[in-house]
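Everything on this sheet refers to the single structure shown next.
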Amino acid sequence: MFSIRRMKILAFGLAAAVAIGACDDSGTDPDPQPPAAPGGVTATLSGADVTVSWSASSGATSYRVQRRQVGGGAFADVAASVTGTSYTDTGVAAGNTYQYQVIAVNADGASPASALAEIAVPAENRTAILNGTISGTRQLSADTTYTLQGIVTVEDGGILRIPAGTLLLGDAAVQPTALIVRTGGQIFAEGTETNPIVFTSSRPAGQRVAGDWGGVVINGLSQCNFPADECVGEGSSGQYGGTDLADNSGVFKYVRIEYAGFEVSFGNELNALTLNGVGSGTELHHVQTHDGLDDGFEWFGGTVDATHLIATDISDDSFDYSTGWSGNGQFWIALQNPDDADTGFEVDGNEDDFDAQPFTNPNVWNVTLVGKGVGGQGGTAGESTIGMLLRRGTGGTVMCAIVTGFGTAGLDVDNPETVGRLTVGSSILFSNANDLSTDSDGFQATVWNAGAGNQIADPGLADPFDRDAPDFRPAATGPAATGCPAPPANSGLETVDYIGAVDPAATTPWYMAAWTRWGDPNAG
């Protein structure tokens, strides 16, 4: 018979044996149980962020959330210890596509990764107001649409940088609205052929009209042929001018300016692009002004060079230069508004003193000016009148121009001071109401006949009056195919054989590119 003491000893031994048998030699559980992979993983947008959600895994104590950019390499943790079943990722970038996976974790280990959840984060539609003054460096971003409100100025020492692809809206509800670069300030508006910078109206497309906002003004420290205290820009745009002919106001390339121009007061207007005393250190090319209320391009003095310019559907003058501008220009195109326009060129020396120096004295090569229609007919009477109006003592050279379709005359020259300084050569007038003006002074005939290589002949432009897809290429065997002399060696201009702004042999003309706009001026 067992004693009670012996029974207790046996019971203790049995319990110990069971406990020992439950362990291996290392004292650890031989069958660890990590959780299963989470299921039901989804990724959804939460504003600018992504929220990842999943179903709970049995036995999990936490979760790891991993992300990779599609096409961007391996997964990496974005959250290492999530205790719930969702996580909001705030580190995503607009315009990218991401994949997510979730791993469940407990004391025994980690699960396999879940199935993938993929999501595209759309490009952001950011907006910002641009107003007041810029005195330091202001860097804009192409992923933001900027609304210019009121007069925005880049002050002396200030720098405004605008990257390719940026859209800027002139506020049609706040007048006048304009961007003005003061003397000593700089603008670096650097678009590309496929990704231009666009200034346009804040109105919805289809409702935009000329004059919705003021435009862009650049004031430099180069020459002006008025007394210094009278070198003041139109539209209350400020003082300009000086003696620094190489003044550098920055870079302005592959830019389009639409629906600009504003009359501050009678005879005091803002143009689409105004260049006041801008120096030769400034880079300016591939710019289009479209559907502007006043001039498309206007120079008051300065020495800046300007190539590959387009003025379309401008209500006043397509190109207007005066006040001593003596830069170099090449490859300019104007397609006039048949119902609301003035001249293709309006060129002056000095409106108060025809002998004021420095003279307006540029080299302008390879120009195509297209008026309202064949024979100067069509559109509204009294509009798109003169192709080139050259007067008030201007000098300089206009070479290799084609002028066609104007309602009054192709060429009009005024004032005897102009005749002695101006050269027009190797140019073609055709199908204007009058190729040479019929006014009584006869100066246009004097200048025209003195210029070598001038012709009144059909250049064979393919389709210059098509407003949606104009073709300004001259006939390959016509009078414009050859005959353009080389520009001055120090001008920096290209030497080409053809007359006009467009190569007759071009497969795709330079003006039919992603940075330009063509079409009905009333389309908005």
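The values are calculated or read from the model by the stated rules, or taken from the named source; none is laboratory data. Note that the structure is a prediction, hence the values are computed from the model and not measured. Positions of Cβ are backbone-derived with ideal geometry, glycine not excepted, and every protein chain shown enters the neighbour counts.
Take segment 179-201 and flag every residue that is under 8 Å from the mean Cα position of the chain (by Cα) and part of a strand (DSSP E or B).
Correct list: Ala189, Glu190, Ile197, Val198, Phe199.
Mind counting the residues in segment 362-419 that are small (Gly, Ala, Ser) and part of a loop (DSSP other than H, G, I, E, B)? Don't jump to the end; show me each part of the working.
Our first condition is that a residue be small (Gly, Ala, Ser); within segment 362-419, this holds for 371, 373, 375-376, 378-379, 381-382, 384, 387, 393, 395-396, 401, 405, 407, 409-410.
Subsequent filtering for residues that are part of a loop (DSSP other than H, G, I, E, B) retains 371, 373, 378-379, 381-382, 384, 393, 395, 405, 407.
Total satisfying the criteria: 11.
Scan segment 332-361 for residues that are aromatic (Phe, Trp, Tyr) and assigned to a strand (DSSP E or B) and jot them down.
Filtering segment 332-361 down to residues aromatic (Phe, Trp, Tyr) leaves 332, 345, 354, 359.
Hits for segment 332-361 are Trp332, Phe345.
Somewhere in segment 502-510, is a residue in a loop (DSSP other than H, G, I, E, B) and under 26 Å from Val413 (Cβ atoms)?
Our first condition is that a residue be in a loop (DSSP other than H, G, I, E, B); within segment 502-510, this holds for 502-510.
Add one more test, that the residue is under 26 Å from Val413 (Cβ atoms), and what stays is 502.
For segment 502-510, residues in a loop (DSSP other than H, G, I, E, B) and under 26 Å from Val413 (Cβ atoms): present.
So, Gly349, is that one closer than 16 Å to Asn363 by Cα and out of contact with any Leu (no Cβ under 9 Å at 6 or more places or on another chain) or not?
On the way: closer than 16 Å to Asn363 by Cα: yes; out of contact with any Leu (no Cβ under 9 Å at 6 or more places or on another chain): yes.
Judged against the criteria, Gly349 is a match.
Looking at (1) closer than 23 Å to Ser315 by Cβ; (2) of a type outside the set (Asp, Glu); (3) touching a residue at least 60 places away in the same chain (Cβ under 8 Å), which one does Gly185 not meet, given that it meets all the others?
That leaves (1) as the condition not met.
Could you say whether any residue in segment 106-126 is under 46 Å from the mean Cα position of the chain (by Cα), part of a strand (DSSP E or B) and polar (S, T, N, Q)?
Within segment 106-126, none of the residues are under 46 Å from the mean Cα position of the chain (by Cα), part of a strand (DSSP E or B) and polar (S, T, N, Q).
If I ask for residues that are under 25 Å from the mean Cα position of the chain (by Cα), aromatic (Phe, Trp, Tyr) and crowded, with 22+ Cβ neighbours inside 10 Å, which ones from segment 466-513 would you list?
Within segment 466-513, Phe472, Tyr511 meet the criteria.
Mind checking which residues of segment 314-342 are under 17 Å from Tyr259 (Cβ atoms) and aliphatic (A, V, I, L, M)?
Those that are under 17 Å from Tyr259 (Cβ atoms) and aliphatic (A, V, I, L, M): Ile314, Leu335, Ala341.
Scan Val403, Val413, Val374, Val370 and give me the residue that is in contact with a Phe, Trp or Tyr (Cβ under 6 Å, 6 or more places away or on another chain), within 15 Å of Asn434 (Cα to Cα) and not basic (Lys, Arg). First the steps, then the outcome.
Working: Val403 fails: in contact with a Phe, Trp or Tyr (Cβ under 6 Å, 6 or more places away or on another chain); Val374 fails: in contact with a Phe, Trp or Tyr (Cβ under 6 Å, 6 or more places away or on another chain); Val370 fails: in contact with a Phe, Trp or Tyr (Cβ under 6 Å, 6 or more places away or on another chain).
Just a single option satisfies the conditions, and that option is Val413.
Looking only at segment 262-280, count every residue that is modelled with pLDDT of 95 or more and either touching a Leu at 6+ places or on another chain (Cβ under 9 Å) or of a type in the set (A, V, I, L, M, F, W, C) (or both) and tell me the total.
Here is the first cut: in segment 262-280, the residues modelled with pLDDT of 95 or more are 271-280.
Of the ones still in play, those that are also either touching a Leu at 6+ places or on another chain (Cβ under 9 Å) or of a type in the set (A, V, I, L, M, F, W, C) (or both) are 271-273, 275, 277-280.
Total meeting the criteria: 8.
Report whether or not Arg126 is touching an Asp or Glu at 6+ places or on another chain (Cβ under 7 Å) and not aromatic (Phe, Trp, Tyr).
In short, yes.
Can you confirm whether Val102 is under 49 Å from the mean Cα position of the chain (by Cα), modelled with pLDDT of 95 or more, surrounded by 12 or more Cβ atoms within 10 Å (Cβ to Cβ) and not polar (S, T, N, Q)? Walk me through it before giving the result.
Numbers: under 49 Å from the mean Cα position of the chain (by Cα): yes; modelled with pLDDT of 95 or more: yes; surrounded by 12 or more Cβ atoms within 10 Å (Cβ to Cβ): yes; not polar (S, T, N, Q): yes.
Here the answer is yes, as Val102 does meet what is asked.
Please state which one of Ala113, Ala128 is surrounded by fewer than 19 Cβ atoms within 10 Å (Cβ to Cβ) and more than 27 Å from Ile159 (Cβ to Cβ).
Values: Ala128 fails: more than 27 Å from Ile159 (Cβ to Cβ).
The unique qualifying residue is Ala113.
Please state which one of Asp463, Asp458 is without any contact (Cβ under 8 Å) to a residue 12 or more places away in the chain and either surrounded by 14 or more Cβ atoms within 10 Å (Cβ to Cβ) or within 29 Å of Gly292 (Cα to Cα) (or both). Full working, then the answer.
On the way: Asp458 fails: without any contact (Cβ under 8 Å) to a residue 12 or more places away in the chain.
The match here is Asp463.
Filter segment 23-61 down to the residues that are modelled with pLDDT of 90 or more and out of contact with any Ser or Thr (no Cβ under 9 Å at 6 or more places or on another chain) and list them by number.
Step one: filter segment 23-61 for residues modelled with pLDDT of 90 or more, giving 33-44, 50-61.
Hits for segment 23-61 are Gln33, Ser58, Gly59.
Checking Arg182 against (1) within 17 Å of Arg256 (Cβ to Cβ); (2) crowded, with 18+ Cβ neighbours inside 10 Å, which single condition isn't satisfied?
Condition not satisfied by Arg182: (1).
Would you mind stating whether Ser315 is within 23 Å of the chain's Cα centre (by Cα), surrounded by fewer than 24 Cβ atoms within 10 Å (Cβ to Cβ) and within 17 Å of Ile386 (Cβ to Cβ)?
On the way: within 23 Å of the chain's Cα centre (by Cα): yes; surrounded by fewer than 24 Cβ atoms within 10 Å (Cβ to Cβ): yes; within 17 Å of Ile386 (Cβ to Cβ): yes.
So Ser315 fits the description; yes.
If you take the residues of segment 261-311 that are small (Gly, Ala, Ser) and under 20 Å from the mean Cα position of the chain (by Cα), which of them is surrounded by the most Cβ atoms within 10 Å (Cβ to Cβ)?
Keep residues of segment 261-311 that are small (Gly, Ala, Ser), which gives 261, 265, 267, 272, 277, 279-281, 292, 296, 301-302, 306, 311.
Among the residues that remain, those that are also under 20 Å from the mean Cα position of the chain (by Cα) are: 261, 272, 292, 296, 306, 311.
Numbers: Gly261: 29, Ala272: 32, Gly292: 31, Gly296: 34, Ala306: 29, Ala311: 28.
Among those that are small (Gly, Ala, Ser) and under 20 Å from the mean Cα position of the chain (by Cα), it is Gly296.
Among the numbered criteria (1) within 21 Å of Gln288 (Cα to Cα); (2) at pLDDT 95 or above; (3) hydrophobic (A, V, I, L, M, F, W, C), which one does Cys484 miss?
Cys484 satisfies every listed condition except (1).
Being over 13 Å from Gly109 (Cα atoms), surrounded by 13 or more Cβ atoms within 10 Å (Cβ to Cβ) and over 38 Å from the mean Cα position of the chain (by Cα) is the filter here, so list the residues in segment 58-77 that pass it.
Result: Val65, Gln66, Phe75.
Select, from Glu383, Glu417, the only residue that is charged (D, E, K, R) and at pLDDT below 95. Working first, answer last.
Numbers: Glu417 fails: at pLDDT below 95.
Exactly one of Glu383, Glu417 is charged (D, E, K, R) and at pLDDT below 95, namely Glu383.
Which of the residues belonging to segment 424-449 are over 41 Å from the mean Cα position of the chain (by Cα) and touching a residue at least 12 places away in the same chain (Cβ under 8 Å)?
Thr438, Asp439, Asp441, Thr446
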